[in-house]
1. Could you pull out every residue, at least 5 positions away or on a different chain, whose amide H is within less than 5 Å of the one on residue 148? Hs are placed 1.01 Å off N in the peptide plane, and Pro or chain starts have none.
2. Mind checking which lysines have their C-alpha under 26 Å from residue 152, skipping anything on the same chain fewer than 8 residues away?
3. Determine ³J(HN,Hα), in whole Hz, for all residues of region 21-38 in sequence, where each value follows from phi through the Karplus function 6.51 cos²θ - 1.76 cosθ + 1.60 and θ = phi - 60°; x replaces Gly and Pro.
4. Among 87, 176, which comes first, second and so on when ranked by fewest other beta-carbon atoms within 10 Å?
5. For region 156-178 and region 1-46, what is the separation of their Cα centres, given in Å?
6. So for 73, 153, 134, fewest C-beta neighbours within 10 Å to most, what's the order?
7. Could you list 151, 118, 84 so that the one with the fewest beta carbons within 10 Å of its beta carbon is first and the one with the most is last?
8. Tell me, in nm to one decimal, what length is gained between residue 14 and residue 163 on full extension, where the rule is 0.36 nm per residue of separation less the Cα-Cα distance?
Amino acid sequence: MPVYVELVNNSKILNAVAGSKSVVILACTGCANPSVAYQRDLPCEKIVIKDRVDTRAPAHAKRLPFAVVEEATRIRTLLESKGMKTKVVLWEWPCSMSSEAVAQLTNNSFSDEELVRMCTNADAVITLTCAEGTLGVRKTLGKSSKIVPGMKTVGRAFFYFTLDESKQFTIIDRGKSLIVPSRKDI
């Protein structure tokens, strides 16, 4: 059951990065991708089928994040219209950088040094992640860049995935999915 996160509004992001010349938009391909798909009613993943060299072998499919890439691109366009240089970075499970225990659970293959290199010279990093992902990015980058949460954790999700009619995208069946809000009274 993934974390369900919602996008913060444009004005909050623009206010947070005001004065920045260079911004990295770090997008989680884990929980954030289906959350954006659900919230924006977008396909979740694009199915890419590649044939193997041996034509007798069956084709295999690769799933590429779609919704969070669309959202990161939308934010990139918004920031560039304000004169900022931007870069989009896709990261699988940035929450794994928050603690060793989470890293073991998610089996993340990305390194902290790789993230630092990708965010070098950025005045700000917008995280399209859950709160734990933002914490992991903040822990990894330290004070080298301003960390701006682009999403907020609001609960858990039970997503029901299916293929669209073209069989080129996974989509979320909203009628069979369930969002469980976080309890505020605990």
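Where a number appears in this text, it was derived from the coordinates with a stated rule and is not lab data. Keep in mind that this is a model prediction, so the values were computed, not measured. A quick note on method: Cβ atoms are made from the backbone with ideal geometry, for glycine too, and the neighbour counts reach across all protein chains shown.
1. 125, 126, 127
2. Counting by Cα, and skipping residues close in sequence, residue 152 has these lysines nearby: 12, 21, 46, 82, 85, 87, 139, 143, 176, 184.
3. These are the phi-based 3J(HN,Hα) values: 9, 9, 10, 9, 9, 9, 10, 7, 8, x, 5, 5, 4, x, 5, 5, 4, 5 Hz.
4. If I rank by nearby Cβ atoms, fewest first, I get 176, 87.
5. 19
6. Working: 73 14, 153 19, 134 27.
Result, fewest neighbours first: 73, 153, 134.
7. On the way: 151 28, 118 16, 84 19.
The fewest-first ordering by Cβ neighbours comes to 118, 84, 151.
8. Values: separation 149, 0.36 × 149 = 53.64 nm, distance 3.52 nm.
Result: 50.1 nm gained on full extension.
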